[in-house]
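A.B. asks: One structure follows; several queries about it will come next.
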Amino acid sequence: MRWLGAIAISILMLAQHALAAPALERGVNLSHWLQYEGRQPVVAADMAAIKAAGFDHVRIAFDPFFLGWRVEDGADPTLLPRVELLDKAIDMALAAGLDAIVDFHPRASRFEEMENSARGKSAFVALWGALARRYADRPVDRVAFEILNEPQYYRPGPRAWNDLAAKALAAIRQAAPHHLVLIACTEGSRVEALEKLAAVNDPQVAYVFHFYDPYLVTHLNAPWEPWRSNVNGMVSGIVYPAAQMTISGVFFKRGANLREASGAVSKYMDQGWGPERMTKMAESAAAWAKRNQARLVVTEFGVLRQGIDTGSRLRWLQDVRKALETAGIGWTVWDYADVFGVAQSEGAVSRQADGAIVPRDMERVRRRFEPAALEALGLP
């Protein structure tokens, strides 16, 4: 009868292995490292500081094109010439005691290839199969794969994304049957788009939305399009929560479309943006998760540092963080040290046109967390 006991133990161990997954409760995004121009390099000291601050995971945003990926005719879609940079990033996080989300995060201009090009879709699925094979030996309870950051799919519609995500998941499962896979909803991962996301029959899949509402707070005075040209670039004096501001404190910039800008400000105030509204949004997401017996993670939320005043920024971070935690939703703040950062570079640095503070020496990086931001995030 001993063999029956051994079989039972083996089955139990397999079940535990299959259900093991990173907790992903409190994390931070490592942006502008393996994407864009790579202006925010991360070193081992950063990982140690992130762990010491109380975070349990990092989201490693990588642009496959930054790493040399090509989808042109004749190109090998499984080839990522600079993949060793991603290897190093994952292993650096694990060595620091941090779990890692491997986040497929191309530039917005590349999304059309994922949405409308048969060649792009095929290459996307093939690359995920290759990445799964490469990282299948990384700990199941430490590493997760996020298939695509903020899928858009306004024109082809959510069904097209659901189909492509299912194909990418199938490719991953051939090599990594037990790793956690994150699938984001469409329309830039707005919470409302969860209703259009097809939950799959896989206990090792979690679902993603991003939390940047209201954009008049989080992207106020963002110096890039479309924010620079819309109402976010027309006003100043916005305060969060809305109950603490008056219309008399709002300044409309020269050249602003007064009708459009004043309408946006009035709408923000009338909608009563504050902790109660944040709680309701998180609760609606949690209700979707309950209906679908699904796990949710918010892999981005944050406020532009140079936009709204610091007090409003910190109150927004705190209110969203509390709303998510109360709803049982893990979170990853955007971002670590760039323009939304909860930390900033010190020493020999330069300020970029968009407000980012960038280290001059990419090998000697020194950063400091903003204590008030950590407090807003509920970290010691």
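The values are calculated or read from the model by the stated rules, or taken from the named source; none is laboratory data. This one's a predicted model, so the numbers in the text were calculated from it and none came from an experiment. Cβ placement follows ideal geometry from the backbone for every residue including glycine, while neighbour counts extend to all protein chains displayed.
A.B. asks: Within segment 50-66, does at least one residue satisfy the condition of being on the phi > 0 side of the Ramachandran plot, touching a Pro at 6+ places or on another chain (Cβ under 6 Å), modelled with pLDDT of 95 or more and not hydroxyl-bearing (Ser, Thr, Tyr)?
C.D. replies: Residues of segment 50-66 on the phi > 0 side of the Ramachandran plot: 54.
In the following step, the residues that additionally are touching a Pro at 6+ places or on another chain (Cβ under 6 Å) were identified as 54.
Pick out the ones that are also modelled with pLDDT of 95 or more and you get 54.
Pick out the ones that are also not hydroxyl-bearing (Ser, Thr, Tyr) and you get 54.
Yes; the residues of segment 50-66 include at least one that is on the phi > 0 side of the Ramachandran plot, touching a Pro at 6+ places or on another chain (Cβ under 6 Å), modelled with pLDDT of 95 or more and not hydroxyl-bearing (Ser, Thr, Tyr).
A.B. asks: I'm trying to understand the selection: among the residues of segment 127-146, which are more than 12 Å from residue 178 (Cβ to Cβ) and either modelled with pLDDT under 95 or small (Gly, Ala, Ser) (or both)?
C.D. replies: 129, 130
A.B. asks: Check 102, 71 and return the single one that is assigned to a loop (DSSP other than H, G, I, E, B) and either of a type in the set (A, V, I, L, M, F, W, C) or farther than 18 Å from residue 179 by Cβ (or both). Give the derivation first.
C.D. replies: Details: 102 fails: assigned to a loop (DSSP other than H, G, I, E, B).
Of 102, 71, the one residue that is assigned to a loop (DSSP other than H, G, I, E, B) and either of a type in the set (A, V, I, L, M, F, W, C) or farther than 18 Å from residue 179 by Cβ (or both) is 71.
A.B. asks: A follow-up question, please. Looking at segment 22-49 only, could you name the residues that are part of a strand (DSSP E or B) and either closer than 18 Å to residue 331 by Cα or modelled with pLDDT under 95 (or both)?
C.D. replies: Filtering segment 22-49 down to residues part of a strand (DSSP E or B) leaves 26-34.
Of everything in segment 22-49, those that are part of a strand (DSSP E or B) and either closer than 18 Å to residue 331 by Cα or modelled with pLDDT under 95 (or both) turn out to be 26, 27, 28, 29, 30, 31.
A.B. asks: Can I ask one more? So residue 61 passes all but one of these: (1) in a loop (DSSP other than H, G, I, E, B); (2) crowded, with 21+ Cβ neighbours inside 10 Å; (3) not aromatic (Phe, Trp, Tyr). Which condition number does it fail?
C.D. replies: Going through the list (1) in a loop (DSSP other than H, G, I, E, B); (2) crowded, with 21+ Cβ neighbours inside 10 Å; (3) not aromatic (Phe, Trp, Tyr), residue 61 breaks only (1).
A.B. asks: What is the one condition in (1) surrounded by fewer than 20 Cβ atoms within 10 Å (Cβ to Cβ); (2) touching an Asp or Glu at 6+ places or on another chain (Cβ under 6 Å); (3) more than 19 Å from residue 210 (Cβ to Cβ) that residue 25 does not satisfy?
C.D. replies: Result: residue 25 fails condition (3) only.
A.B. asks: Turning to a different aspect of this structure: Restricting the search to segment 276-331, which residues are in contact with a His (Cβ under 9 Å, 6 or more places away or on another chain) and either within 14 Å of residue 378 (Cβ to Cβ) or assigned by TED's automatic domain parsing to the domain that holds residue 251 (or both)?
C.D. replies: Our first condition is that a residue be in contact with a His (Cβ under 9 Å, 6 or more places away or on another chain); within segment 276-331, this holds for 298-301, 303-304, 307, 330.
Scanning segment 276-331 gives 301, 330.
A.B. asks: A further question on this structure: Does segment 355-362 contain at least one residue that is more than 22 Å from the chain's Cα centre (by Cα) and free of Cβ contacts under 8 Å to residues at least 24 places away in the same chain?
C.D. replies: Of segment 355-362, the ones more than 22 Å from the chain's Cα centre (by Cα) are 359-362.
Then keep just the ones that are free of Cβ contacts under 8 Å to residues at least 24 places away in the same chain; that gives 360-361.
Among the residues of segment 355-362, at least one is more than 22 Å from the chain's Cα centre (by Cα) and free of Cβ contacts under 8 Å to residues at least 24 places away in the same chain, which makes the answer yes.
A.B. asks: Only one residue in 300, 283 is acidic (Asp, Glu) and part of a helix (DSSP H, G or I). Which one? Please lay out each step first, then the result.
C.D. replies: Numbers: 300 fails: part of a helix (DSSP H, G or I).
The conditions single out 283.
A.B. asks: Next up: How about segment 217-258: which of its residues are at pLDDT 90 or above, part of a helix (DSSP H, G or I) and under 27 Å from the mean Cα position of the chain (by Cα)?
C.D. replies: 217, 218, 242, listed by residue number.
A.B. asks: Give me the pairs, please: first residue somewhere in segment 21-34 and on the phi > 0 side of the Ramachandran plot, second residue anywhere and in a loop (DSSP other than H, G, I, E, B), beta-carbon distance under 6 Å, and either six or more positions apart or on two chains.
C.D. replies: Once the first residue is on the phi > 0 side of the Ramachandran plot and sits in segment 21-34, its partners that are in a loop (DSSP other than H, G, I, E, B) give 32/39; 32/40; 32/338.
A.B. asks: Which residue out of 132, 93 is surrounded by 17 or more Cβ atoms within 10 Å (Cβ to Cβ), within 15 Å of residue 165 (Cβ to Cβ) and either assigned by TED's automatic domain parsing to the domain that holds residue 46 or among the small types (Gly, Ala, Ser) (or both)?
C.D. replies: 132
A.B. asks: Go through segment 340-369 and give me each residue that's in a loop (DSSP other than H, G, I, E, B) and either among the basic types (Lys, Arg) or crowded, with 17+ Cβ neighbours inside 10 Å (or both).
C.D. replies: In the first step, residues of segment 340-369 are kept if they are in a loop (DSSP other than H, G, I, E, B); the result is 340-342, 346-348, 352-356, 360-366.
Matches in segment 340-369: 340, 341, 342, 356, 360, 364, 365, 366.
A.B. asks: Taking segment 100-122 as the search range and keeping residues that are of a type in the set (A, V, I, L, M), within 19 Å of residue 35 (Cα to Cα) and at pLDDT below 95, which one is surrounded by the most Cβ atoms within 10 Å (Cβ to Cβ)? Spell out the reasoning first.
C.D. replies: Here is the first cut: in segment 100-122, the residues of a type in the set (A, V, I, L, M) are 100-102, 108, 114, 118.
Now narrow it down to the ones that are within 19 Å of residue 35 (Cα to Cα): 100-102, 108, 114.
The next check asks that each one be at pLDDT below 95; those that pass are 108, 114.
On the way: 108: 10, 114: 22.
The selected residue is 114.
A.B. asks: Tell me, yes or no, whether segment 246-259 has at least one residue that is more than 25 Å from residue 29 (Cβ to Cβ) and buried (at least 16 other Cβ atoms within 10 Å of the Cβ).
C.D. replies: Yes, segment 246-259 contains at least one residue that is more than 25 Å from residue 29 (Cβ to Cβ) and buried (at least 16 other Cβ atoms within 10 Å of the Cβ).
A.B. asks: Same structure again: In this structure, is residue 324 hydrophobic (A, V, I, L, M, F, W, C), assigned to a helix (DSSP H, G or I) and under 25 Å from the mean Cα position of the chain (by Cα)? Step through it out loud before you land on a result.
C.D. replies: Details: hydrophobic (A, V, I, L, M, F, W, C): yes; assigned to a helix (DSSP H, G or I): yes; under 25 Å from the mean Cα position of the chain (by Cα): yes.
Against the criterion (hydrophobic (A, V, I, L, M, F, W, C), assigned to a helix (DSSP H, G or I) and under 25 Å from the mean Cα position of the chain (by Cα)), residue 324 qualifies.
A.B. asks: Then there is this: With respect to residue 261, determine if the residue is in the same structural domain as residue 147 (by TED's automatic domain parsing), aliphatic (A, V, I, L, M) and modelled with pLDDT of 90 or more. Reasoning before the result, please.
C.D. replies: Values: in the same structural domain as residue 147 (by TED's automatic domain parsing): no; aliphatic (A, V, I, L, M): yes; modelled with pLDDT of 90 or more: yes.
No: the conditions fail for residue 261.
A.B. asks: Looking at 206, 261, which is the one that is closer than 30 Å to residue 182 by Cβ, of a type in the set (A, V, I, L, M) and out of contact with any Ser or Thr (no Cβ under 7 Å at 6 or more places or on another chain)? It would help to see each step written out before you state the result.
C.D. replies: Values: 261 fails: closer than 30 Å to residue 182 by Cβ.
Just a single option satisfies the conditions, and that option is 206.
A.B. asks: Output the residues belonging to segment 176-197 that are of a type in the set (Gly, Ala, Ser) and at pLDDT 95 or above. Even if it seems obvious, please write down each step before you answer.
C.D. replies: Residues of segment 176-197 that are of a type in the set (Gly, Ala, Ser), as a first pass: 176, 184, 188-189, 193.
Those that are of a type in the set (Gly, Ala, Ser) and at pLDDT 95 or above: 176, 184, 189, 193.
A.B. asks: Here is a further query. Exactly one condition in (1) within 19 Å of the chain's Cα centre (by Cα); (2) farther than 26 Å from residue 144 by Cα; (3) surrounded by fewer than 20 Cβ atoms within 10 Å (Cβ to Cβ) is false for residue 319; which is it?
C.D. replies: (3)
A.B. asks: Quickly run through segment 213-243 and pick out the residues that are in contact (Cβ under 8 Å) with a residue 60 or more places away in the chain and surrounded by fewer than 17 Cβ atoms within 10 Å (Cβ to Cβ).
C.D. replies: Listed by number, the residues that qualify are 223, 224.
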